[in-house]
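Asks: Take a look at this one; I'll ask things after.
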Amino acid sequence: MKRRAFIRKTGLGVSAGLVSSSFLASCTAKGAGDTLVTSQKIAIVGAGAAGLYAATLLPGQEVTIFEATEKPGGRIRALKGFADFDLEAGSEEIKGKNSIWYDWVSSFNLSFVDNKGSQNYYTLDTILRKEADLATNTDFQAINDFINQATIYNGADRTVLTHLQQSRVPPRVYHVVNAALGNENGTSQNKISIKGLAEANQTASAGKDVFRLAGRTFNSVLEERCKAELLKVKYNTPIQRVVYDTMGVVLFDAAGIRYQFDKVIMTVPVSLYQNDDIIFSPPLPQTKVDAFKKIGMGAGMKIIMSFSRAFWPADTDSIFGRGVVPKYVVASRGRSTTNFILSATVMGDPVTALGTRPATIIPSILADLDSIFGRNAASTTLLKYQIIDWSQEPYTKGAYSYPIVGGGLAANRELAQPLLSRLFFAGEATHFGGHAGTVHGAMESARRAVEEVLRPG
Ligand SMILES: Cc1cc2nc3c(=O)[nH]c(=O)nc-3n(C[C@H](O)[C@H](O)[C@H](O)COP(=O)(O)OP(=O)(O)OC[C@H]3O[C@@H](n4cnc5c(N)ncnc54)[C@H](O)[C@@H]3O)c2cc1C
């Protein structure tokens, strides 16, 4: 089953409520202790896939990109120096060929990891089984039937788990459904809406093929494609306040510096709106507030582990575990013959339970792998590990958006609505065509926002 090709209160003193254009006008004057930067016409907040791609679509415009961190890429990030090849700390798969992201990566003539001859392995009962050997396994058939039905589900809105509990899938294999429909979509099966998943699946158009890059990282591709745009990025500049009216938009950064623009495209993760990390004056309309409350974005982390030998079968692509990790990927396959690396992506409740002590997951992972492979295979061969906890990243606060019960594409669409033809919204969670939660979804949302920005009137 493929995944659906699948801010801080500043206390700066402007109260909520309508801000008159005279306020905006006053922002061009230098205030006590403030630095004045009267700036270009269009600002983009966030230098991730959406922000950088939006900038490429605005040639001839004066563009400034504000990025809170010291690097571009957002959730497309490389982990360098850990192994004899660079790893993906965030997004690692291109989900579908019919997408601008696939086109960008392909334009470099890079090689993808060859899937031919590789296998997914599943822990059913207590043993590890090859997917190729599971054609007649009744548990596996029940899982596949459930997942196939889930993609076209049109009944009452409920979580995947609630629906699962009313199915003929035996509880002993719920972990596989969680891996495919929960974890793969950025959360746990007790949180995600089956109706929302089906709606996204039926609307998505990118295709089902999945690609991993063999020789380079996604971040290096993004940086090379966006060389000119990177020159427009102001790093370490988190935007904390957005003041907008029919005349324009004023942004305030964390240092209290203000910048004035004709139009602004916001591309920050939905979690920042949910946490009130950016103050809007006037406040965002209730419809938009309701919308972002109806979009899920939960905890998520990647654990990258290096072992002294490959204790998994040589043809392994992925291992669907029964413990704390729903799915392990052999990240070194097709990339190194001397380093043996497993990458584990864990989303939702298990990550929330770890709180601020993410490393406590390591003993559980080793116990899980030891029980699958026997002879303390993992605990005696672990050389080192690296945890990238996206939930603890102050400018991401989670993994990626997913549909919750009562939400769905209507919520993504509402989040995307521009305000006063001045303030525009892009970023993966604003994609309302079934590609939310993906890189290509982020890029397509940027294209939509730029079309809105350039629309006359
Ligand atoms: C572990 C993990 C695995 C994933 N796997 C895949 C995958 O295999 N395939 C796939 O397609 N997608 C995957 N995704 C999802 C994909 O990475 C995202 O959907 C996509 O990168 C989001 O791009 P974006 O531009 O919308 O947001 P982001 O990449 O989050 O960019 C937003 C930018 O805004 C900045 N920012 C935030 N707040 C402020 C502020 N106040 N002021 C200024 N800047 C700010 C952030 O620092 C960030 O750089 C994965 C994500 C994670 C976390």
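The values are calculated or read from the model by the stated rules, or taken from the named source; none is laboratory data. No experiment lies behind these values; they were computed from the predicted model shown. Note: ideal-geometry Cβ built from the backbone for every residue, glycine included; neighbour counts use all protein chains shown. The area values use the complete protein model at the heavy-atom level, side chains included, leaving out ligands, DNA and RNA. Shrake-Rupley method; radii C 1.70, N 1.55, O 1.52, S 1.80 Å.
Asks: Would you mind counting up the charge near Ala47? Only other residues with Cβ under 15 Å from its Cβ, with Lys and Arg at +1 and Asp and Glu at -1.
Replies: Numbers: positive: Lys71, Arg75, Arg77, Arg225, Lys227, Lys232, Lys234; negative: Glu67, Glu70, Glu223, Glu224, Glu229, Asp253, Glu393, Glu428.
Overall, the nearby charge balance is -1.
Asks: Give the Debye-formula value of log10 I(q)/I(0) at each listed q (0.10, 0.11, 0.12 Å⁻¹), with one equal scatterer per alpha carbon of the chain, two decimals each.
Replies: -0.72, -0.86, -1.01
Asks: I've got another one for you. Can you give the % of DSSP beta bridges in the chain that are antiparallel, to the nearest 5?
Replies: Within the chain, antiparallel bridges account for around 65 percent of the total.
Asks: Using alpha carbon centroids, what distance separates region 192-215 and region 314-345, in Å?
Replies: Between the Cα centre of region 192-215 and that of region 314-345, the gap is 21 Å.
Asks: Right, another one. How much FRET efficiency would the formula 1/(1 + (r/R0)^6) give for Leu231 and Asp315, where r is the Cβ-Cβ distance and R0 is 56 Å, rounded to 0.05?
Replies: That pair, Leu231 with Asp315, gives E of 0.80.
Asks: Still on this structure, I have one more. Can you pull the percent of the chain's accessible area that's carbon plus sulfur, 1.4 Å probe, other chains left in place? Write out the running numbers ahead of the final one.
Replies: On the way: 9270 of 18360 Å².
Carbon and sulfur atoms account for 50 percent of the accessible area of the chain.
Asks: Normalised by the residues of region 394-457, what does the relative contact order come to in percent, with Cα pairs under 8 Å and at least six apart? Each step should come with its number before you reach the end.
Replies: Details: 75 pairs, mean separation 17.6, N = 64.
The normalised contact order for region 394-457 reaches 27 percent.
Asks: Continuing with the same structure: Apply the Karplus parameterisation 6.51 cos²θ - 1.76 cosθ + 1.60, with θ equal to phi minus 60°, to every residue of region 173-183 and state each ³J(HN,Hα) to the nearest whole Hz, in sequence, with x for glycine and proline.
Replies: 10, 4, 4, 6, 5, 4, 4, 6, 9, x, 3
Asks: Sticking with this one: Out of residues 5 or more away from Gly298 or on other chains, whose amide H comes under 5 Å of its own, with H placed 1.01 Å from N in the peptide plane?
Replies: Ala399, Tyr400
Asks: With an 8 Å cut-off on Cα pairs and a minimum separation of 6 or more residues, tell me the relative contact order of region 145-199 in percent.
Replies: So the answer I get is 55 percent.
Asks: Just order 319-331, 236-248, 360-372, 403-415 by mean Cβ neighbour count inside 10 Å, highest at the front, would you?
Replies: Peptide ranking by packing, descending: 319-331, 403-415, 236-248, 360-372.
Asks: Further question on the same structure: Cβ neighbours within 10 Å, averaged per peptide: list 71-79, 222-230, 288-296 in order, most packed at the top.
Replies: Order by mean packing, descending: 71-79, 288-296, 222-230.
Asks: Could you report the chain's accessible area per residue, 1.4 Å probe, as an integer in Å²?
Replies: 40
Asks: I need the per residue convex hull volume for region 135-210, using only the alpha carbons, in cubic angstrom as a whole number.
Replies: Hull volume normalised by residue count: 94 Å³.
Asks: With charges set only on the Cβ (+1 for Lys and Arg, -1 for Asp and Glu), what does the dipole of region 216-339 come to about its Cα centre, in debye to the nearest 20?
Replies: Computed about the Cα centre, the dipole is about 380 debye.
Asks: Which log10 I(q)/I(0) values, to two decimals, does region 233-339 give at q = 0.11, 0.12, 0.17, 0.18 Å⁻¹ under the Debye formula with one point per Cα?
Replies: Here the Debye-derived log intensity ratios amount to -0.62, -0.67, -0.85, -0.91.
Asks: What order, most packed first, do the peptides 41-50, 389-398, 444-453 have when packing is the mean number of other Cβ atoms within 10 Å of each residue? List each step's numbers first, then the result.
Replies: Working: 41-50: 27.3, 389-398: 20.2, 444-453: 22.1.
Result, highest mean Cβ count within 10 Å first: 41-50, 444-453, 389-398.
Asks: Let me ask another. Helix-only mean residue ellipticity at 222 nm, the chain, DSSP H runs n ≥ 4 weighted -39,500 (n - 2.57), per residue, nearest 500. What is it?
Replies: So the helix-based figure for the chain works out to -7000 deg cm²/dmol.
Asks: Residues with beta-carbon under 12 Å from that of Thr380, excluding Thr380: net charge, scoring Lys, Arg +1 and Asp, Glu -1?
Replies: +1
Asks: Check Lys234: other-chain or 5+ apart residues with amide H under 5 Å from its amide H, H built from backbone geometry?
Replies: Residues meeting the amide H criterion: Ile65, Phe66, Glu67.
Asks: Explain nothing, just the number: relative contact order of region 195-297, from Cα pairs under 8 Å at least 6 residues apart, as a whole percent. Can you show the working numbers first?
Replies: On the way: 69 pairs, mean separation 19.2, N = 103.
Contact order relative to length: 19 percent.
Asks: Further, regarding this structure: For a quick check: with amide H placed at 1.01 Å from N, whose amide H comes under 5 Å from Arg75's, ignoring anything fewer than 5 positions away on the same chain?
Replies: When sequence neighbours closer than 5 places are left aside, the close amide H contacts are Ala49.
Asks: For Lys116, go through the lysines and keep the ones whose alpha-carbon is under 26 Å away, minus same-chain ones fewer than eight residues off.
Replies: Lys116 reaches Lys2, Lys95, Lys97, Lys130, Lys208, Lys302, Lys327.
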